[in-house]
Amino acid sequence: MSIPSTSPYDAIIVGGSYAGLSAALQLARARRRVLVVDAGQRRNRFASDSHGFLGRDGQDASSIAQAGKADVAAYPNVSWHAGSATNARRDGDGFVVDLDGGTHVQASRLVLATGVRDELPPIAGLAERWGKSVFHCPYCHGYELQQGAIGILAGGDMAFHQAMLLPDWGSVTLFTDGRYAPDAQQRAAMARRGVLAIDDTPVLRIEDHATVVLADGRRLPMAGLFTYGRIHIGSPLAEQLGCAFDDSPIGPFIRTDAGKQTTVPGVFAGGDATRPAGSVAIAVADGAMAGLGAHRSLVFG
């Protein structure tokens with residue numbers, strides 16, 4: 001891959017993780033000039049293994065991303081900027097993107113694959129275990145807990161959603177920690193689903209592998225913990241461009257249509273920034289759709 005040039009690109013892709021690389025591959029194979037802008041901050045960089053992606057189940061997460069980058073790098077019509085895009089704006093029929101370092105690049109289409117940043121519940125010891133013994137997606141990490149004891153650290157109302165899902169993966173205890181107050185109907189639903197316990201005692205910290213230390217002195221070892229915090233879009237570009245957002249219980253995400261075009265014509269988006277939940281498999285599919293959508297819009301307008 002070459003470095004950015006001042007000549008206009010057919011498409012600039014902001015974000016070089018799973019969705020961005022997948023979009024780049026589609027456009028590269030359509031023989032379009034593509035620039036990928038990537039700051040190297042994959043959302044799942046804290047996790048060692050990736051699961052649920054057909055053909056790559058259980059592989060190292062970083063190796064999947066590296067293999068994807070190698071696939072894209074094989075195409076001479078793809079350039080790469082290892083850094084950030086700081087601003088984006090419409091310019092006539094296309095767009096101008098400002099890169100860190102003061103470079104300005106132009107393109108007919110933009111693909112935003114910026115991902116999200118996770119804001120976790122403020123529990124001591126939780127952030128250090130994120131992606132290792134504390135997770136948010138049971139489809140990605142639940143099977144490996146071998147039907148052991150699973151704790152849910154409530155970050156808000158989404159705790160009910162997790163509590164209803166997770167009994168398929170182990171024996172579930174919900175720690176409300178003052179962040180979620182299930183009503184009688186929800187408590188009954190969780191009991192029917194097989195949730196082992198609902199504990200309203202404040203959580204002091206997480207220790208060892210995944211031991212929940214409570215304010216009353218109890219220490220409850222778990223095979224793994226799940227939680228939801230808040231998500232924040234990983235870049236201001238969508239807002240700068242005027243893209244519409246949809247809200248979810250864990251934060252806003254970029255609105256796209258079936259072809260992954262945002263509400264701004266010519267701007268496409270894919271991956272975790274466009275949905276309230278995701279995985280590597282979903283991000284790759286999203287990116288492919290965004291790349292195809294961008295290419296078709298170049299052809300058909």
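For the stretch 124-146, the tally of residues that are small (Gly, Ala, Ser) and part of a helix (DSSP H, G or I) stands at 1.
Residues in the stretch 220-253 that are touching a Gly at 6+ places or on another chain (Cβ under 9 Å), more than 19 Å from ASP98 (Cβ to Cβ) and either among the aliphatic types (A, V, I, L, M) or part of a helix (DSSP H, G or I) (or both): LEU220, MET222, ALA223, LEU225, ILE231, ILE250. Condition check for THR86 on (1) in contact with an Asp or Glu (Cβ under 6 Å, 6 or more places away or on another chain); (2) of a type in the set (Ser, Thr, Tyr); (3) modelled with pLDDT under 95: one failure, at (3).
Scanning the stretch 195-219 for residues that are of a type outside the set (Gly, Ala, Ser) and in a loop (DSSP other than H, G, I, E, B) yields VAL195, LEU196, ASP200, THR201, PRO202, ASP208, HIS209, ASP216, ARG218. List the residue pairs whose Cβ atoms are under 7 Å apart, where the first residue sits in the stretch 180-198 and is touching a residue at least 24 places away in the same chain (Cβ under 8 Å), the second is among the aromatic types (Phe, Trp, Tyr), and the two are 6 or more positions apart or on different chains. Within 7 Å, the pairs are GLN186/PHE160.
Quick check, is ARG109 in the same structural domain as VAL280 (by TED's automatic domain parsing), part of a strand (DSSP E or B) and surrounded by fewer than 16 Cβ atoms within 10 Å (Cβ to Cβ)? So ARG109 fails the test.
Would a scan of the stretch 175-194 turn up a residue that is surrounded by fewer than 21 Cβ atoms within 10 Å (Cβ to Cβ), in a strand (DSSP E or B), modelled with pLDDT of 95 or more and not charged (D, E, K, R)? No, the stretch 175-194 contains no residue that is surrounded by fewer than 21 Cβ atoms within 10 Å (Cβ to Cβ), in a strand (DSSP E or B), modelled with pLDDT of 95 or more and not charged (D, E, K, R). Note on the stretch 46-69: among residues that are in contact (Cβ under 8 Å) with a residue 24 or more places away in the chain and among the hydrophobic types (A, V, I, L, M, F, W, C), the one that is farthest from LYS132 (Cα to Cα) is LEU54. Residues of the stretch 74-86 that are surrounded by fewer than 16 Cβ atoms within 10 Å (Cβ to Cβ) and in contact (Cβ under 8 Å) with a residue 40 or more places away in the chain: PRO76, ALA82, GLY83. Checking each residue in the stretch 195-223 for being surrounded by 15 or more Cβ atoms within 10 Å (Cβ to Cβ) and small (Gly, Ala, Ser) picks out ALA210, ALA223. If only residues of the stretch 252-275 that are farther than 18 Å from SER17 by Cβ and within 16 Å of the chain's Cα centre (by Cα) are counted, the one that is surrounded by the fewest Cβ atoms within 10 Å (Cβ to Cβ) is ARG255. Listed conditions (1) modelled with pLDDT under 95; (2) farther than 21 Å from GLN106 by Cα are all met by GLY301, apart from (2).
The values are calculated or read from the model by the stated rules, or taken from the named source; none is laboratory data. On a predicted model such as this, the values are computed, not experimentally measured, just so you know. Glycine gets a Cβ as well: all are built from the backbone with ideal geometry, and neighbour counts include every protein chain shown.
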